[in-house]
Structure formats: structure tokens, C-alpha cells
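Beneath this line is the structure, given in C-alpha cells, with notes to follow.
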Amino acid sequence: MGSKPKKQDYEASEEEKVSASVAKANYDFFKQNYAPLLKDMRDQSMSDDNRRALRGRASADTMQALTSEPTYMKTQNVEGTGDLSQALGGQLGVADKSALGIKNKAASNVLGVARGQAADAASGMAKASRLATSDALTRARNKLAVKNARNAAIGKVAGATIGGAFEKFAPDSNLGKFSKEFFEALPSQVGG
Amino acid sequence: MERYFDVRGRLGEAAYAGQQTNAGLPVVSDPQKTFAGITRGEYEDYVKDYRDFELKQIERATTDTSLIDSAREDSKVAGRIAGEVAGRNVSRYGAQLTPAQLQQQQRGLQRATTLGSIQSLSDSRIAQREANQALLSDLINIGQDLNRSSQSQLGNAAADASARKQAYDSAKAQSKAQTYSTAGSLASAAIIAAFLV
């Protein structure tokens, strides 16, 4: 008979505990310091700050290029006004296009990271459930082994009782000899 | 839940932050529970902080007309600004335009504004389509990654469930066989004993 298994023999080693602690500390650090930054990026991606800045720059560039050196001659150029109007409209359109590109890219980057975290979480959950399944199967196998051992023990006890009775009350009879041999062989069958 | 202040001094809550060791490391007494808690928390954080944002982006990628609306508005504003700039310059130099020049300038500005508007609207329609498609394809890529990993995880869950069922069926069969074997042995012993008495 072996001794009962000791729970402490199955506890995590010191390095496993430290590894789990470091992983948890890193996770907490990430959640405290990086997760808020991602939320800031999300909010920034929804704002119009970039658009305003780019449109201001486009407008300034256009005016700088077309109106920075006014002359009397230019006042007489009746087509110049139309050119300025077209140029300004075009540059504002370019600025809007760039701003929307930046906004969309920022939004999809934020979502990619957020979804990546959620996907990591889901994959973590799958791992956790696999661990739980593995535990459940081990528990079930252990229970079955205990049940089998219990059945075997019952068989042994019952056999020993019947055999003992024959041996006691009719030790020299054929039945007594047979029962002794029979019940000696029985435990090896029922014990699996 | 443990409250904390992040590097920017904002108050937040750390999920599953347990007691601290001397080295400042948290104690993880039940890694499985901690792991499950973190993964659940991550999903809940996503739903709380990013689900609406994601739905807005999907809607924007399919319905956004901001560039076109803006181009329509800008062409009018640009015409007005150009007219005002011309007026200020004429005033600055004390110049006079003849009625014919003024008329020509107005016509030129109107023509340029109209043509510019048409050009801008045409450009902005193309740019809008490009921007929306780029955003949509980014979103679809994100969604596809998610779809792939979700199916893989569901496959794992199904395999686990199947393994559990097989193990249970096998255990039931083994247990029944064991019981019959024990009962049979005892019964045969009893019958033989009865014949020999």
C-alpha cells in the first residue's frame, strides 16, 4: 500500500509562481498605462483636429502662393480672381482627402489593436477551457480508477468471506479446497 | 477590482489585481481563474469601449459623404473669398476697374467657381469612394481575422466537448463491464458452491 498523495506535491513550483506573477504584473501595467492611450487614440480618431489643421495649411499655402505679392497690375487681371477661387477650392479638397485618410487609418488602427486584444482574450479563453477539459478528464479517470479499485476490493472481501466460511466449516472437503483456490484467483480477475 | 491611478493620474480599476508580494509582484494563487478572469475582462472592455466605435466605423465606411459635402460648400466659400481678396487689392492700390472689367471679373469668377465646383465635386466623389473602400477593406480584414480565430476557437471547443463525451461514454462502459464482471464472478462462485455442498 502506498501513502496518500500529498497536495503540496502537486503545487506549482517557485519558478511557475514567479512566472505567473511576472505575467500578471506585466498585464496590469499594460492595462493601466497602455489601455488608456488606446482610448485616447480612439477619441482622437473621431475628432476633426487634423482636418482643421490641414485645411488651414492648405488655405495659407494657396494665399501665400497667389496673393503674397500684390501689385497694381494684378488688380487689373480680371481672370486672376477666378484662378484663386479654383485653386483654393482644389487645395481645400486635397486637405480634406488627406484628413479623411488619416482619420480612417487611425480608426482602423485603433480597432485592429482593440480587436487584437479581444482576439487574444478569446484565444486565452479557449486555452483556459482546454485546461479545464483536461482537468475534467483527469478527474473523471481518477474517479473511475477509484471506483474500479472499490469494486475489486468488494470482490476480494466477498470472496474471502465465502472462502473463509467454507474453510472454517468444512476445511477438508473438496469444496473447501476448491473455494480456497477459486477465491485466491478471483481478485486478480475482478481487480483489473 | 482594485482601484489605481495610471501614469496620467487618472483613476482606473485593475481587474483581478491581487495582493502584492514583497518584490511588488502580484500573487497569482489560481492561475486558471486569473486567466479566465482576464480574458473575460478583455472582452467586456472591448464591448464597453470599442463596440459602438466599431459599428460607427462600419456605418461610416458605407455611407460617408463628408468629402463631397465639403467640396460643395468649399467651392462657394472659395469664390466668395477670392472676390473679397480682389476687392481688397483694388482698394489697396486705389485702382479703378471699368464697368466692362468689373463685369468680366464677375463672369470670370462665376465661371471659375462653377468649373471649380464641378471639378472639386468630381474629384471628391472619387476620393470619397477611395477613402470609404480603404476603410471598409481595413475593417473587413479586421473582421476576417476575428472570424478566422473565432471559428478556430469554436472548433477547439467542439473537439473538447467531443473528447469529454467520449471519455464519459468510455468510463460508463468500463464501469458497467466492471460491475458485471464482479457480479458474475460472485454469482458463479455461489452457484459452484451450491452444487458442491
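The values are calculated or read from the model by the stated rules, or taken from the named source; none is laboratory data. This is a predicted model, so every value here is computed, not measured. Reconstructed Cβ throughout: ideal geometry from the backbone, glycine too, with neighbour counts over all protein chains shown.
Here are the numbers for this structure:
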read-out	value
Criterion (at pLDDT below 70 and closer than 30 Å to B:G155 by Cα) met by exactly one of A:S173, A:S129	A:S129
Test set (1) more than 16 Å from A:G93 (Cα to Cα); (2) loosely packed, with under 13 Cβ neighbours inside 10 Å - B:I118 fails condition number	(1)
Complete set of residues in segment B:57-83 that are part of a helix (DSSP H, G or I) and among the acidic types (D, E)	B:E59, B:D69, B:E73, B:D74
Some residue of segment B:68-76 being in contact (Cβ under 8 Å) with a residue 24 or more places away in the chain, among the hydrophobic types (A, V, I, L, M, F, W, C) and within 30 Å of A:V94 (Cβ to Cβ)	yes
Residue check for B:L109: facing another protein chain (nearest Cβ under 7 Å), within 32 Å of the chain's Cα centre (by Cα), assigned to a helix (DSSP H, G or I) and more than 23 Å from B:L146 (Cα to Cα)	no
B:E54 of a type in the set (D, E), assigned to a helix (DSSP H, G or I) and modelled with pLDDT under 90	no
